[in-house]
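The values are calculated or read from the model by the stated rules, or taken from the named source; none is laboratory data. Note that the structure is predicted; figures quoted are calculated from it, not measured. All Cβ positions, even for glycine, are placed from backbone atoms using ideal geometry, and neighbour counts span all protein chains on display. Accessible surface is based on the protein model in full, side chains and every heavy atom, while ligands, DNA and RNA are left aside. Shrake-Rupley method; radii C 1.70, N 1.55, O 1.52, S 1.80 Å.
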Amino acid sequence: MDKIRIVGGRPLEGTVRISGAKNASLPDICAALLTDKPVVFSNVPEVRDIRTMGRLLSDLGAQVDFRVGGCIEVKAANLTSVEAPYDLVKTMRASVLVLGPLVARAGKARVSLPGGCAIGDRPINLHLQALEKMGASIRVESGYVEASTRRLRGTEIYFDTVTVTGTENVMMAATLAEGETIIRNAAQEPEIPDLADLLVKMGARIQGAGGPTIRVEGVDALHGAEHTVIPDRIETGTYIAACAIAGGDIEIRNCQPAHLKAVLDKLRETGIRIEEGPENLRVRAPRTLKASDVTTIPYPGFPTDMQAQYMTVMTQAAGTSAITESIFENRYMHVAELQRMGANVRIDGRTAVVVGHTPLSGAQVMATDLRASASLVLAGLAAKGETIVDRIYHLDRGYYRIDEKLRGLGADIERITERGLADRRAQARAPEPAGTAE
Ligand code: EPZ
């Protein structure tokens, strides 16, 4: 199993290009199930979750062609199955995003319940309640959701809790429903208007995506389209945090600063200098970072997907900061690993108290989920000596070649196998050959 090896202490310089957004590409690709015509995507990140979604759609009978440079064509002319099996869903919760399109297009779906997750319970009750309100009969049996309907009916949906994939599932389902659907307390993350843009290009009638209330007027059928996925705002935030903690001066290209306002505002409060261009950012690290409290809340608030990376930055800030995670009940798995590197972090219920500035030392650490693994890579950039991050399959789920991109910015980082590491260690221990001491 690959690992990432980092030797810290090098400031970052140069330019990094941001990939397309994983969390926009996943629902976008599922939307192709709503039509029998081809849908062509560009700027799709070549990360593992996208491959998994491609495999799921192929299992449903869609033709999925991955082309070079982040292009994918999906053609769901004939659906041969409506089942999302446990073996796939357990590896990627976002598989639940086939539920809405399948019920709307095929009138039925059998989707495995995702089960537990490292960062929290993450039930899908709100997705099911909404589809039931739209007229689907829903049964949960043997770990699977069985949904069926003659045709969905438009209705008013109010989400008790803001849910991103819940909003996406209902918005997709409503495009082929009879009548109008109104989604209230909808998620406003940029991935939602990106999906709505695609659906409108496919012939859907949608208003208000990106705001708290979305209106969808159902149509009888949708057609094909071409769509360029938005840049990944969380990947962008991760590179800003990398520069903040390692020091340096970098340019981030192919990003969308407008999608990151809360993150940029918060990071500026800590002393990071950030200049915004239309699709790029220049980031300069301060001599000393300032501590600043934060609470994760739904968009346009500070994203939970930046919490772990922000915590790592705060371990190097002057002062004490309080980080409150309000979205997921168990999203502090990275804390114990950061403590192994010398960080001074104490968890008190939903709040983590970070006492900065505590020098970090390199260590062998273990990734537990996607964003936690990114925070450990950042910690390695600032730590004294060598850090080895294990279980980086978590990282590869959502970051495109992060080691290469950071190396392009001057970091001493590489992907290494168990064997490669053992050889490296053996070399380091090998006595100098006679006569080389002088
Ligand atoms: C999306 O997950 C993202 N995933 C997550 O990113 C992100 O952390 C999350 O939104 C919040 O921003 C994708 O887009 C694929 P939610 P999602 O439904 O939709 C509760 C990453 O790192 N809830 O908005 O699954 C839930 O438990 C990933 O890229 C219910 O109670 O999150 C949570 O506390 C991790 N019942 C809250 O709502 C439901 O039916 C928000 O979850 C649905 C959600």
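For the range 117-160, filtered to residues that are among the charged types (D, E, K, R) and within 16 Å of the ligand (Cβ to nearest atom), the residue that is nearest to L102 (Cα to Cα) is E132. Considering the conditions (1) in contact (Cβ under 8 Å) with a residue 12 or more places away in the chain; (2) in a helix (DSSP H, G or I), E132 is excluded by exactly one of them, (1). The number of residues in the range 159-189 being more than 15 Å from L128 (Cβ to Cβ) and either open to solvent by 10 Å² or more (accessible area, probe 1.4 Å) or without any contact (Cβ under 8 Å) to a residue 12 or more places away in the chain (or both) comes to 11.
In the range 97-114, the residue that is nearest to L26 (Cα to Cα) out of those that are surrounded by 24 or more Cβ atoms within 10 Å (Cβ to Cβ) and hydrophobic (A, V, I, L, M, F, W, C) is L97. The combined condition, being more than 16 Å from the ligand (Cβ to nearest atom) and closer than 30 Å to A382 by Cβ, is fulfilled by L12.
If you go through the range 392-438 and keep only what is acidic (D, E) and open to solvent by 60 Å² or more (accessible area, probe 1.4 Å), you end up with E404, E418, D423, E432, E438.
Cβ-Cβ contacts under 6 Å between residues 6 or more apart (or on different chains), taken from a first residue in the range 256-279 that is under 20 Å from A187 (Cα atoms) to a second residue that is among the acidic types (D, E), are listed as P257/E276. Taking the conditions (1) surrounded by fewer than 23 Cβ atoms within 10 Å (Cβ to Cβ); (2) touching a residue at least 24 places away in the same chain (Cβ under 8 Å) in turn, S81 satisfies each one other than (2).
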